[in-house]
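The values are calculated or read from the model by the stated rules, or taken from the named source; none is laboratory data. From a predicted model like this one, the values you see are computed outputs, not experimental measurements. Cβ: placed from backbone, ideal geometry, glycine included. Neighbour counts: every protein chain shown. Side chains included, ligands, DNA and RNA excluded: accessible areas come from the protein's heavy atoms. Shrake-Rupley method; radii C 1.70, N 1.55, O 1.52, S 1.80 Å.
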Amino acid sequence: MNKCLHIVSHDVPYPLDYGGVIDIFCTLQSLHAAGVEIILHCFEYGRGEQPILNQFCREVFYYRRQEGHKGFSFQLPYIVSSRSNPELLDRLAADDHPILLEGIHCSYLLQDKRFDNRNITLRLFNVEHCYYKHLYRHERSLMKKAFYFNESRLLEKYEAMVASRVKILTLSDRDTRYYREVLGGKFVKTLPVFVPHQDLKPAEGLGSFCLYHGNLGVAENEKAAEWLLEEVFVKMKLPFVVAGKNPSSRLERIAHQGCHTCLIADPEERELKDLISKAQINILPSFNETGVKLKLLNALFNGRHCVVNDAAIEGTPLGPLCHIAETPAAIQRVVMQLYHMPFGEEEIRLRRKILEAHFNNSVTAGNLLDVIRS
């Protein structure tokens, strides 16, 4: 492989305010450090052009996403069809550099015969049709439920088509097995997520509250926060903080019903990191088994005790670092045990051993380049 690489991103990967763009930004940093000349193509729909990206890329191009009815298709998932762009395709077809697609969202070019024999690698965030099925189940709005249901249906057919056409990289062993065994992928490997924190900095001793954090504008995360408020902390009078971007008025109302619970809306990156480090317990259940939860990795690198359910760690090496509980009663028991238990050097040593072995950005970048070259 020459040193030049096209990367197509589903969104502008800055600022670092949700998991998908954090991974892509750290990918750019790591590949740049490895000597790769990056030509970045990203779809812009509200985040604006970001000069910081020029520090890591030879060139950066921005394309408008076709939102609303302009991006709709009866045959293709909306997340794919709304990112069709002739200018992008012509620019990619003008040379023979390898192409890295960040998310199945960016794979519209597979409809174009000019790319039939091109060196293309696709990194997946999730098994998307399963993810959208979960969104459908947890959404309250009937209009959004209908959209998520249809998107899941289209994605299931589309992912089966894509699986055997390009090299696939997933974030978890579970997703790798699904793409191989269910969707018939020919080249599917697990590649760990790139993380913004390479130094383990959990605080020892005791914190002063329990914390759930995530993008609260996502139905699944809102559901998890509401579930913790209404099922776990309604009778357990320990301080509980919910933090994240885009909370609904309904969630804010629920969070402020008790004097021991509260919600912090749209915290800055530094404020959220401070909350994670000061919490005694980060509680991060998930209702979606696919992908890897970057918020959990953030808590493991920077926080004390972590309580999760099986879905949050399925297909990952993170199980030994977490306390696992499924039901509200089980979570209450674990939280009561941990709330006055200092976080110490033994736990930090185990985290360092596992996290350094599996989430080293320079190693991951080398493995990614090996796949691109293959």
Seminar exercise, completed: The helix 361-373 Cα axis meets the longest alpha-carbon principal axis of the chain at an angle in degrees, between 0 and 90 and rounded to 10, of 30
Problem set entry | Distance between modelled label sites at ARG165 and LYS144, nm, 7 Å Cα→Cβ extension | 3.0
Exercise. Given a 1.4 Å probe, how much area per residue of region 15-140 is accessible, in Å²?
Worked result: 43
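Can you tell me the relative contact order of the chain? Whole percent, Cα pairs under 8 Å, sequence separation 6 or more.
Result for the chain is 15 percent.
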Exercise. So how tilted is helix 269-278 from the main axis of the chain? Cα-based, degrees 0 to 90, rounded to 10.
Worked result: 40
Exercise. What accessible area, in Å² to the nearest ten, does a 1.4 Å probe give for ARG47?
Worked result: 50
For this session: List the relative contact order of region 30-183 as a percent without decimals, with contacts defined as Cα pairs under 8 Å and 6+ residues apart.
Result: 17
Exercise. Of all accessible surface on the chain at a 1.4 Å probe, what whole percent is carbon and sulfur?
Worked result: 51
Exercise. So what does HIS358 come to for accessible area, using a 1.4 Å probe and Å² rounded to 10?
Worked result: 80
Problem set entry | Relative packing of peptides 50-60, 307-317 - highest average C-beta neighbours within 10 Å first | 307-317, 50-60
Seminar exercise, completed: Between the Cα axis of helix 345-358 and the main Cα principal axis of the chain, the angle (0 to 90°, nearest 10) is 10
Seminar exercise, completed: Taking a crude spin-label model, label points 7 Å out from Cα along the C-beta direction, the ARG137 to HIS358 distance in nm is 2.3
Exercise. Hey, got the dipole for the chain? About the Cα centre, +1 on K and R Cβ, -1 on D and E Cβ, debye to the nearest 20?
Worked result: 500
Exercise. Given the pairs LYS145/LYS293; LYS3/LYS157; LYS189/LYS353; LYS70/LYS186; LYS237/LYS273; LYS3/LYS201, which span a C-alpha to C-alpha distance of over 28 angstrom in this model?
Worked result: LYS3/LYS157; LYS70/LYS186; LYS3/LYS201
Exercise. What dipole magnitude, in Debye to the nearest 20, does region 159-276 give about its Cα centre under +1 on Lys/Arg Cβ and -1 on Asp/Glu Cβ?
Worked result: 500
For this session: Subtracting the Cα-Cα distance from 0.36 nm times the residue separation, let me have the gained length for TYR45 to ARG64 in nm, one decimal.
Result: 6.2 nm
Exercise. With the contact rule set at Cα under 8 Å and sequence spacing of 6 or more, what percent relative contact order holds for region 204-283?
Worked result: 42
Problem set entry | Average accessible surface area per residue within region 239-315, 1.4 Å rolling probe, Å² | 37
Exercise. Can you work out the FRET efficiency for the pair MET341 and GLU269, with r the C-beta to C-beta distance and R0 = 35 Å, to the nearest 0.05?
Worked result: 0.75
